[in-house]
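The block underneath contains the structure these notes are about, expressed in structure tokens.
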Amino acid sequence: MKHTQRRGEWIGSRGEFLIERHIADAMAAPHWHDHVELNLLMEGRMTYLFNGRQEQVEAGRLVLFWAAIPHQTIAVAENAPLVCLYLPLIDFLGLPVDRKARQSIMQGRFLAQANPETMDALTLPRWEKEWQSGSAARRKLVVEEVRLRIRRLILDNAESDNSPTHVSPTSLAGHAVRRVELLIDLINSRYADPTSVPDLAKLAGMHPSTANSAFREVLGISVNEYLTRHRIARAMQLLTDTDVPVLQIGFDCGFGSSSRFYEIFKERTGTTPRHFREAVNSKNTPAP
């Protein structure tokens with residue numbers, strides 16, 4: 001993925017669809033953005049560190065994951081072209097796909113095509129070219145084709161898992177998704193405040209139980225779990241990109257106390273905020 005001047009910042013405007021192609025390289029630090037990401041490595045191999053696991057990516061095999069979970073390429077073959085597609089979360093939630101499969105992706109599953117498909121190697125570069133230089137009508141068609149390809153990828157995996165496939169009802173793209181979208185927008189803008197689920201629900205004009213029900217139906221997690229993940233991801237970004245003191249980052253990300261920040265950060269990442277920063281800095285320090 002491309003970067004702006006500060007590592008971890010999302011190159012595009014928030015919530016926009018985007019396709020880009022570049023030569024993959026190892027990232028100096030994890031990053032995140034609130035899209036569902038679809039990758040196709042054209043040649044070579046690479047390894048993601050994703051959700052605490054190393055995930056191998058082979059040329060010609062599509063992979064899909066929720067990019068709001070911090071991720072980092074840690075090993076990449078030389079001269080490995082990579083096509084990346086970024087579907088806004090709300091667009092993904094509106095797809096009529098298997099509910100359990102969707103929830104597993106939201107909870108950290110790294111989805112990979114079982115076998116390479118020749119058409120993907122032809123289609124994704126075409127999408128990238130048409131997205132960059134095509135007309136508005138052609139770009140709209142690209143988005144529709146991407147959505148269909150994601151649906152097929154999820155269906156292929158559901159069938160290979162030998163699990164029954166239950167397509168989510170069309171109504172899922174209605175009230176529940178709109179509620180989740182509203183709550184996510186509130187969390188994105190208020191995560192630094194000492195906010196609670198009742199506070200967020202009140203601002204969204206709904207009962208806390210309604211808010212949690214919508215989140216569990218669509219994402220398979222509670223509002224509070226999403227809020228915690230968002231705060232941790234923001235803290236990781238600040239620890240990587242800035243020299244702001246660790247304790248200040250904890251408060252700036254809405255944890256309320258230093259002990260709470262350290263406890264949750266270590267529980268979720270396996271290390272303390274200070275050790276995380278030291279590890280990132282050591283990777284970024286040029287060898288003598």
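With a cut-off of 17 Å, note down the residues of region 89-121 whose backbone N falls inside the zone around a label point 7 Å from the Cα of Arg152 toward its beta carbon. The answer is 96-98, 112-121. The residue among Ile105, Tyr191, Trp32 whose Cα reaches farthest toward the positive pole of the charge dipole of the chain, with charges on the beta-carbon of Lys, Arg, Asp and Glu, is Tyr191.
Rounded to whole numbers, the Karplus 3J(HN,Hα) couplings from phi for region 124-140 are 5, x, 5, 4, 4, 5, 5, 5, 6, 10, x, 6, 4, 5, 5, 5, 5 Hz, using 6.51 cos²θ - 1.76 cosθ + 1.60 with θ = phi - 60°, and x at Gly and Pro. Rounded, prolate or oblate: which fits region 11-95 when a ≥ b ≥ c are the square roots of the eigenvalues of the alpha-carbon gyration tensor, with rounded for a/c under 1.5 and prolate only if a/b beats b/c? Verdict is prolate for region 11-95. For Ala75, the residues whose amide H sits under 5 Å from its own are Thr47, ignoring neighbours fewer than 5 places away on the same chain, with H placed 1.01 Å from N. Work out the FRET efficiency for His22 and Ser160 from their Cβ-Cβ distance, taking R0 = 30 Å, and round it to the nearest 0.05. So, using R0 = 30 Å, E works out to roughly 0.50. Label point of Thr272 set 7 angstrom out along Cα-Cβ; within region 216-240, amide nitrogens under 19 Å from it belong to 232, 235-240. Figure note: Ser133, Ser160 ranked by solvent-accessible area, largest first, 1.4 Å probe, ligands and nucleic acids not counted: Ser133, Ser160. With the convex hull of its Cα atoms as the shape, the chain has an orientation-averaged projected area of 16.0 nm². Taking only protein heavy atoms and a 1.4 Å probe, the accessible area of the chain is 50% carbon and sulfur.
The calculated P(r) of region 48-156, using every Cα pair and 5 Å bins from 0, goes 2, 10, 20, 23, 22, 15, 6, 1, 0 in percent.
With a 1.4 Å probe and all protein chains kept in place, how do Arg138, Arg234 rank by accessible area, largest first?
Arg138, Arg234
Over 31 Å between Cα atoms: which of Lys100/Lys266; Lys100/Lys140; Lys129/Lys266 fall into that group? From Lys100/Lys266; Lys100/Lys140; Lys129/Lys266, over 31 Å: Lys129/Lys266. Our Cα-only numbers for region 89-133 put the radius of gyration and Dmax at 13.8, 37 Å.
Entry comment: accessible area of the chain is 48 Å² per residue, from protein heavy atoms only and a probe of 1.4 Å.
The values are calculated or read from the model by the stated rules, or taken from the named source; none is laboratory data. Bear in mind the structure is a predicted one, so any value in this text is a computation, not a measurement. For neighbour counting, all protein chains shown are included, and Cβ atoms are generated from backbone atoms with ideal geometry for every residue, glycine included. The area values use the complete protein model at the heavy-atom level, side chains included, leaving out ligands, DNA and RNA. Shrake-Rupley method; radii C 1.70, N 1.55, O 1.52, S 1.80 Å.
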